[in-house]
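For reference, the structure is listed below as structure tokens.
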Amino acid sequence: MSTLPLADAPGTHFHYEGSNTELLARVVEVVSGQPFAQFLQQRIFSPLAMHDTGFEVPLAQRGRVVELPTSNDDGSLRVADTLSARNPGVRLKGYDSGAGGLYSTAADYLKFAHMLLDDGRSGTQQLLSRKTVELMMSDQLAGFEPAISSYGAGEGFGLGGYVITNPAYRGKLGSVGQFGWSGAASTYFTIDRKEKLVAILLMQYLPSGDKALASPSTRFYNLVYQAIP
């Protein structure tokens with residue numbers, strides 16, 4: 001990776017791209033002396049009792065993997081032509097990737113999100129320090145002059161997800177400092193430490209074609225925040 005040219009001069013543009021987290025996973029392996037999957041299992045999945053999370057699903061459990069549909073041009077649905085859709089539960093890459101490839105469930109992901117909501121703590125275990133979580137959920141783009149914008153209006157970028165800087169510009173109800181991300185297959189999560197809130201929506205739908213289903217994110221988040229007393 002060090003031999004490749006940069007897309008832009010450092011500090012001038014923001015690009016969401018997976019090579020940085022791929023590299024970070026390798027750094028974790030070198031520092032810890034463990035394969036990345038083993039590190040995740042020991043430091044995150046086992047302490048949080050995330051029993052259904054990993055880079056592949058055991059054969060006996062693959063019937064639990066939800067189908068991944070996409071849209072045809074006429075608006076009808078079909079199973080997407082991706083490896084995970086064709087062969088549910090198989091390992092998606094030949095290595096432990098830091099940029100994607102984990103299978104999980106809503107219940108497991110909720111445990112992970114609650115740990116972040118609780119300043120890196122789960123029960124009596126401190127998986128991450130409070131200050132690490134604070135840094136993770138701080139806008140890393142605001143320190144540049146002029147500030148570098150993220151993809152969305154009213155959003156910056158923390159360590160691994162968006163950080164809301166202005167809910168009004170974003171056009172959704174929310175809070176300054178709210179953290180989260182969306183996945184390619186219509187999956188959404190957010191963590192709002194001010195409101196002590198976690199919201200997760202997993203739809204298993206890959207938008208495609210001229211008549212793809214509309215994104216539900218604005219309506220979903222507005223309904224979640226309207227429900228707060």
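The values are calculated or read from the model by the stated rules, or taken from the named source; none is laboratory data. As the structure is a prediction and not an experimental result, all values here were calculated from the model. In this analysis, Cβ positions are derived from the backbone assuming ideal geometry, glycine residues included, and neighbour counts consider all displayed protein chains. These accessible areas exclude ligands, DNA and RNA; they are computed on the full protein's heavy atoms, side chains included. Shrake-Rupley method; radii C 1.70, N 1.55, O 1.52, S 1.80 Å.
Key figures
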| read-out | value |
| --- | --- |
| Protein accessible area in the chain, 1.4 Å probe - carbon and sulfur % | 57 percent |
| The range 9-16 - phi-based ³J(HN,Hα) in whole Hz, Karplus 6.51/-1.76/1.60, Gly and Pro as x | 5, x, x, 10, 9, 10, 10, 8 |
| Read-out semi-axes √(5λ) of the Cα gyration tensor in Å, derived from the coordinates shown; its label in (i) 39, 21, 14; (ii) 27, 21, 17; (iii) 26, 25, 21 | (iii) |
| Where labels lie 7 Å past Cα in the beta-carbon direction, separation of Gln125 and Leu223 in nm | 3.4 nm |
| Cross-link reach list, aspartates and glutamates versus Lys172, counting only Cα pairs under 15 Å and skipping chain neighbours closer than eight places | Glu155, Asp192 |
| Counted charge near Ser186, where neighbours are those whose Cβ lies closer than 14 Å (Asp, Glu -1; Lys, Arg +1) | 0 |
| Placed amide H near Leu197: partners under 5 Å, 5+ positions off or other chain | Asp192 |
| Distance from the range 197-219 to the range 25-98 (C-alpha centre basis), Å | 20 Å |
| Estimated vicinal HN-Hα couplings, Hz - the range 20-29 in sequence order (Karplus 6.51, -1.76, 1.60; Gly, Pro = x) | 5, 6, 4, 5, 4, 4, 5, 4, 4, 4 |
| Positive dipole terminus of the chain, leading residue within Ala185, Ala49, Leu4 (C-beta point charges) | Ala49 |
| Heavy-atom accessible area per residue - the chain, 1.4 Å, Å² | 59 Å² |
| Helix-derived mean residue ellipticity, 222 nm - over the chain, DSSP H n ≥ 4, -39500 (n - 2.57), to 500 | -6500 deg cm²/dmol |
| DSSP bridge orientation in the chain - percent antiparallel, rounded to nearest 5 | 95 percent |
| Listed residue (Asn166, Pro146, Thr132) projecting farthest to the positive dipole end of the range 121-188, Cβ model | Thr132 |
| ³J(HN,Hα), Karplus 6.51/-1.76/1.60, whole Hz, each residue of the range 215-222, x for Gly, Pro | 5, x, 4, 4, 5, 4, 5, 5 |
| Computed accessible area, Ile200, all protein chains, 1.4 angstrom probe, square angstrom | 50 Å² |
| Area accessible to solvent at His51, 1.4 Å probe radius, in Å² | 150 Å² |
| Computed over the range 1-131: relative contact order in percent, which uses C-alpha pairs under 8 Å that are six or more apart | 25 percent |
| Gain on full stretching of the segment that runs from Val176 to Thr12 - 0.36 nm per residue minus C-alpha separation | 56.7 nm |
| Straight-distance crosslink candidates among lysines, where the alpha carbon sits under 25 Å from Lys131 and sequence neighbours closer than 8 are dropped | Lys111, Lys194, Lys196 |
